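To start, the structure itself, in structure tokens.
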Amino acid sequence: MTAPMLEVDNVRKYFPVGTGAFWQRKTAWVKAVEGINFTIAAAETLGLIGESGCGKTTTAKLILLQERPTAGTIRFDGEDVGALKGPALMRYRRSVQVVFQDPFGSLSPRMRVANIIAEPLEIHTKLSRSAMRERVSEVLELVGMRPDVADLFPHEFSGGQRQRIAIARALATNTRLIVLDEPVSALDVSIRAQIITQLEQLQQRLGVSYLFIGHDLATVAHISHRIAVMYLGQIVESADSTELCASPLHPYTQALLIAALPAHPDAKRERLALSGEIPSALAPPSGCRFHTRCPRAMPRCTDEVPVSRQVAPGHAVACHLY
Amino acid sequence: MSITTTPRVIEVHRPSQVRRWVGDLPLLPLIILVPFILAAVFADFIAPYDPTEPVRGAKIFEPPFWMEGGSTATLLGTDFQGRDSLSRLIFGARVSLIVGLMGTVVAGGLGTAFGILSGYLGGWVDQAIMRLTDAWLALPALVFAIFLAAVVGPSMWNIVIILGLVYWTRYARVIRGEVLSLREREYVQLAEIAGASSLRVILRHILPNVLNTAMVLASLTIGVVIIAEASLSFLGVGVPPPEPAWGLMLSEARSTLMAGKWWLTVFPGACILLVVLATQLLGDWLRIRLDPQQRNL
Amino acid sequence: MSAPLLEVRGLQTHYFSFGGSRIVKAVENVSFVLRKGETLGLVGESGCGKTTTCLSIVGLLPPAARVVGGEIRLNGADLTKKSPREMRRIRGRAIAMILQDPMASLNPLFSIYTQVAEPAYYHLGMRRRPLRQRVQELLRAVRIPSPAMRMRGYPHQMSGGMRQRIVGAIALAGGPKLIIADEPTTNLDVTIQAQYLDLLMDLQQETGVALIFVTHNLGIVAKMCDRMAVMYAGRIVESGAVRDLFSAPKHPYTKALLGSVAKLGSKEPLYAIPGQPPDLARPPTGCAFHPRCADAMPRCATQDPEDVQCGPEWTARCWLPQRAGRGGS
């Protein structure tokens with residue numbers, strides 16, 4: 001079996017919280033990510049789902065090298081990403097791109113679309129102007145836009161169109177992995193379907209992989225092959241997306257499914273048995289971090305941290321119930 | 001289902017950008033400034049006499065032409081050496097505007113550069129530049145300028161550089177603040193993630209977006225620089241005589257004001273007033289113009 | 001059938017800008033009926049006019065907007081004819097509003113107690129001990145733990161979910177008959193949202209208050225609402241019982257919306273509606289949806305459709321049901 005394209009191995013990220021005017025004395029740590037493991041293969045979509053404070057944005061930043069892990073390794077094509085320098089680092093950067101949530105902040109207001117999309121090409125390649133222009137037209141067509149919009153400025157486009165431009169930009173350099181951080185949450189409902197469908201088509205056509213971060217389970221399940229559920233910095237369950245929705249094992253995943261809104265008024269849903277608020281990452285609960293809200297917590301959950309176990313092929317849970 | 005979208009170019013009722021700009025020009029500042037600018041540019045052709053030589057055939061202290069004793073040959077009168085006031089005012093416009101403009105460019109350029117470096121690079125670079133700015137601000141501007149002028153010797157370009165060195169700090173502070181917020185914008189982050197070098201990010205993304213603020217700041221402070229130049233010439237350490245400068249004219253005429261030779265102080269003073277007023281109004285207009293447009297984007 | 005609590009008929013609200021030269025017809029001929037204790041879901045995407053409709057009802061339109069036609073009858077009285085002073089007595093008392101951003105709805109400088117007590121203080125004239133008790137009751141009703149302690153606290157000490165519940169308490173304080181909730185859960189986490197919606201449903205059962213729930217999320221409508229009205233480009237394109245619209249939608253837009261939402265666990269391709277919502281300053285001729293409609297007929301481009309009765313209390317504004325025969329296909 002070949003090595004997976006992206007491998008996240010027991011990664012931890014702690015942010016220092018300091019006090020002091022000149023030199024920050026580290027008095028506490030925000031344990032944003034606490035030992036996560038996952039892999040992404042080529043042409044695969046991994047969905048990352050969780051609520052505020054779960055660490056999914058931090059995970060994205062770690063993969064994009066905006067932050068360095070406090071512990072653990074991230075490997076791309078088998079190489080440790082943290083150790084990359086020079087041309088190897090540039091190779092990584094051209095293979096891994098991102099699309100953010102806010103379509104209005106993602107595009108530089110003073111640059112034309114052509115220049116926005118061509119920027120990664122300018123950084124990584126020595127293509128001539130005309131070759132770049134051609135590539136820009138190519139990717140614009142890939143995302144379903146007419147090539148002649150390349151001369152316009154971002155403010156002339158709607159939110160959905162801007163996200164397409166952002167996706168086009170992310171694809172410009174034969175990208176292999178795109179990190180999508182809530183790419184459709186800020187868009188209208190009817191536009192969301194356009195973008196999701198477009199992304200799925202692009203994956204089939206180009207073989208690009210996605211790390212899809214979202215909070216709407218239905219959307220994430222639709223586009224993802226596998227889903228990892230995060231809570232307070234840890235992955236509590238990961239499985240194939242259809243299986244996760246059909247038979248969720250972890251109480252938190254079950255709660256997310258109950259909380260997910262019905263598709264039809266007749267679809268009966270039980271009431272949410274979850275209580276309380278999400279704890280702060282500054283002082284996470286001991287043992288299993290979910291035990292303070294878990295309807296099925298046992299005494300063991302307060303003391304022992306559950307270890308992620310494979311309970312079925314491709315289905316892993318971190319819970320003392322299993 | 002085909003999902004090819006056509007861009008909905010938001011025409012609304014907006015005519016092209018250029019036409020919108022032209023339609024809303026601020027009349028008052030331009031009415032004031034354009035004649036001065038024209039005078040400065042075409043001084044050689046407009047001025048009736050050589051500003052540094054006494055007018056042949058005219059008396060000294062001749063009053064303006066509408067007063068008794070004045071003549072139409074010297075419209076605004078003559079000074080203590082018999083030089084034509086009008087010509088001196090016209091040539092003086094050249095000095096004031098050039099020094100004002102160039103001084104602002106130097107100050108703005110230095111300040112913006114420091115502000116960007118400080119805001120974007122952060123860390124000890126930021127701390128160092130900020131402490132430098134603090135120290136510099138502690139120096140009283142004019143006194144510092146006089147000191148520098150005395151050290152390097154007065155000449156027009158020296159004054160330009162001196163004024164630039166004195167006034168850069170106000171830009172640095174403001175631009176740094178703007179850069180700090182720009183740095184967090186997603187399109188900047190995107191460029192960094194794509195592998196852009198710091199230089200590229202600064203030139204391509206940060207600089208164009210701070211230029212607006214820099215321009216507004218510049219137009220608001222050009223008045224300060226002009227007055228500073230006038231003050232320096234007034235004190236005798238500005239552009240050296242006989243090159244005419246409005247501040248110098250004020251200085252020379254100071255003693256004669258009480259003797260009733262009012263035209264030698266009122267006209268230069270009025271010129272300074274009008275130009276500074278016009279630039280302030282222009283700066284205000286620019287500020288309002290450029291801000292909501294940014295927000296519309 | 002009891003008399004309706006709220007009856008909106010032919011409401012028209014326009015925005016005037018550029019000195020009156022540019023008119024945006026934000027709400028165009030909107031009509032619906034709400035009975036006591038009922039929940040109406042007002043569904044649509046951004047710019048469809050749902051927020052403007054709500055602001056028209058409570059009389060809080062921005063200066064550039066005006067109700068130019070139609071009537072809004074609350075228990076028979078026409079709100080469009082009321083003076084600002086009369087509206088102030090109605091707002092907070094008979095009609096309350098819950099908005100999207102809890103941080104913006106709560107004043108950071110005042111204690112929770114002050115803010116929750118305010119409607120009861122002004123509208124019900126309560127003071128001192130009865131007022132304190134009422135505030136505690138309200139906080140308990142919205143499931144805030146330790147209400148006596150919490151009411152002395154300030155908004156910044158609470159999480160987003162709790163703040164939104166406090167906003168709910170403020171809405172209930174004046175004893176309203178109608179609450180208008182404008183996307184109250186958009187900024188909340190999924191599980192917090194579920195708790196909040198359960199709370200709203202329970203409160204409705206207890207107090208019998210009617211609810212207009214404005215949202216773009218069809219799942220919320222499926223969970224909470226009895227009836228729904230779908231808005232597009234300032235018009236209601238279909239309205240009726242939630243069950244009817246979800247099972248057999250008559251308007252192409254309703255159908256398209258339902259088809260574009262991902263269903264949990266299903267990989268069925270999503271229906272992507274082509275194009276963009278229209279610019280309301282220059283709306284298309286005829287039916288506002290026709291440029292994006294899969295079933296558009298030539299007639300749709302020239303004639304704005306009228307309401308068609310598809311069943312008791314079920315109307316759709318479309319030419320298609322008429323073409324298929326009486327009562328729709």
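Listing for the model above:
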| quantity | calculated |
| --- | --- |
| C-alpha long axis of helix A:86-95 to longest principal axis of chain A, angle in ° | 80 degrees |
| Under 14 Å, Cβ to Cβ, from B:I159 - net charge with Lys/Arg +1 and Asp/Glu -1 | -1 |
| Amide H partners (placed H, <5 Å) of A:Y231, local residues excluded | A:V236 |
| Mean ellipticity per residue at 222 nm, deg cm²/dmol - from DSSP H runs of n ≥ 4 across chain C, formula -39500 (n - 2.57) | -9500 deg cm²/dmol |
| Unit charges on C-beta of K, R, D, E only; dipole of chain C, Debye | 980 debye |
| Occluded residues from the stretch B:180-201, i.e. those whose accessible area drops by 20 Å² or more once the chain is not alone (1.4 Å probe) | B:E186, B:Y187, B:Q189, B:L190, B:I193, B:A194, B:G195, B:R200 |
| The stretch B:148-197-the stretch A:160-216 distance, computed between alpha-carbon centres (Å) | 38 Å |
| Kirkwood hydrodynamic radius (C-alpha pairs) into Stokes-Einstein, the stretch A:264-314, 37 °C and 0.692 mPa s, D in µm²/s | 244 µm²/s |
| Share of Cα-Cα pairs in chain B lying beyond 36 Å, as whole percent | 33 percent |
| Whole-angstrom gap from the stretch C:152-206 to the stretch B:58-124, using each part's C-alpha centre | 65 Å |
| For C:S105, solvent-accessible area (1.4 Å; no DNA, RNA or ligand), Å² | 50 Å² |
| Area of A:H320 that stays accessible when all protein chains are in place (1.4 Å probe, Å², to 10) | 20 Å² |
| Accessible surface ranking that places the most exposed of C:K81, B:K261 first, with a 1.4 angstrom probe | C:K81, B:K261 |
| Computed over the stretch B:138-297: relative contact order in percent, which uses C-alpha pairs under 8 Å that are six or more apart | 24 percent |
| Rounded to 5, the percent of DSSP beta bridges in the protein assembly as shown classed as antiparallel | 60 percent |
| Dipole magnitude (debye, nearest 20) for the stretch C:210-254, charges at Cβ of Lys, Arg, Asp, Glu | 20 debye |
| Largest-first ellipsoid semi-axes for the stretch A:39-275, taking √(5λ) over the Cα gyration tensor eigenvalues, angstrom | 32, 22, 14 |
| Apportionment of accessible area to carbon and sulfur, the stretch A:39-275, percent (1.4 Å) | 49 percent |
| Relative contact order, percent, chain C [alpha-carbon distance under 8 Å, six or more residues apart] | 20 percent |
| Compactness of the stretch C:2-48 as Cα Rg over 2.2 N^0.38 Å, two decimals | 1.51 |
| Protein-protein interface of the stretch C:183-220, residues with accessible area decrease of at least 30 Å², isolated chain reference, 1.4 Å probe | C:D189, C:V190, C:T191, C:I192, C:A194, C:Q195, C:D198, C:H216, C:G219 |
| Accessible surface, the stretch A:39-275, averaged per residue in Å² (probe 1.4 Å) | 34 Å² |
| Net dipole in debye of the protein assembly as shown [+1 Lys, Arg Cβ; -1 Asp, Glu Cβ; about Cα centre; nearest 20] | 1820 debye |
| Helix C:128-141 axis, angle to chain C major axis (alpha carbon atoms, nearest 10°) | 50 degrees |
| For B:V125, net neighbour charge (Lys/Arg +1, Asp/Glu -1) across residues whose Cβ lies under 14 Å away | +2 |
| The stretch B:128-190: GluC sites (Glu not before Pro) in DSSP coil with no more than 16 other Cβ atoms inside 10 Å | B:E184 |
| Three principal axis lengths of the protein assembly as shown [C-alpha, angstrom, descending] | 107, 72, 68 |
| Estimated [θ] at 222 nm from DSSP helical runs (n ≥ 4, -39500 (n - 2.57)) normalised by residues in chain B, nearest 500 | -23000 deg cm²/dmol |
| B:W136, C:W314, reordered so the largest accessible area comes first (probe 1.4 Å) | B:W136, C:W314 |
| The stretch C:242-315-the stretch A:245-301 distance, computed between alpha-carbon centres (Å) | 36 Å |
| Heavy-atom accessible surface of the stretch C:216-329: percent carbon and sulfur, 1.4 Å | 51 percent |
| Stokes-Einstein D in µm²/s, Kirkwood radius over Cα pairs - the stretch B:22-69 at 10 °C with 1.306 mPa s viscosity | 114 µm²/s |
| Net charge, A:S95 excluded, C-beta distance under 10 Å - Lys, Arg +1, Asp, Glu -1 | +3 |
| Accessible area (Å², 1.4 Å probe, nearest 10) - C:K223 | 60 Å² |
| Order of exposure, largest accessible area first, which applies to B:R88, C:R132 with probe 1.4 Å | C:R132, B:R88 |
| Angle in degrees between helix B:207-235 and the longest Cα principal axis of chain B, rounded to the nearest 10 | 20 degrees |
| Placed amide H near C:C310: partners under 5 Å, 5+ positions off or other chain | C:T315, C:A316 |
| Rounded percent of accessible protein surface that carbon and sulfur make up, chain B, 1.4 Å probe | 69 percent |
| Buried accessible area, chains B and C (both chains, 1.4 Å probe, Å² to nearest 100) | 800 Å² |
| Set of lysines near B:K59 by C-alpha distance (under 20 Å), chain-local residues within fewer than 8 positions excluded | B:K261 |
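The values are calculated or read from the model by the stated rules, or taken from the named source; none is laboratory data. All values derive from a computational prediction rather than experimental measurement. Please note: Cβ atoms are built from the backbone with ideal geometry, for glycine as well, and neighbour counts cover all protein chains shown. Heads up: the accessible areas ignore ligands, DNA and RNA and are worked out on the full protein's heavy atoms, side chains in. Shrake-Rupley method; radii C 1.70, N 1.55, O 1.52, S 1.80 Å.
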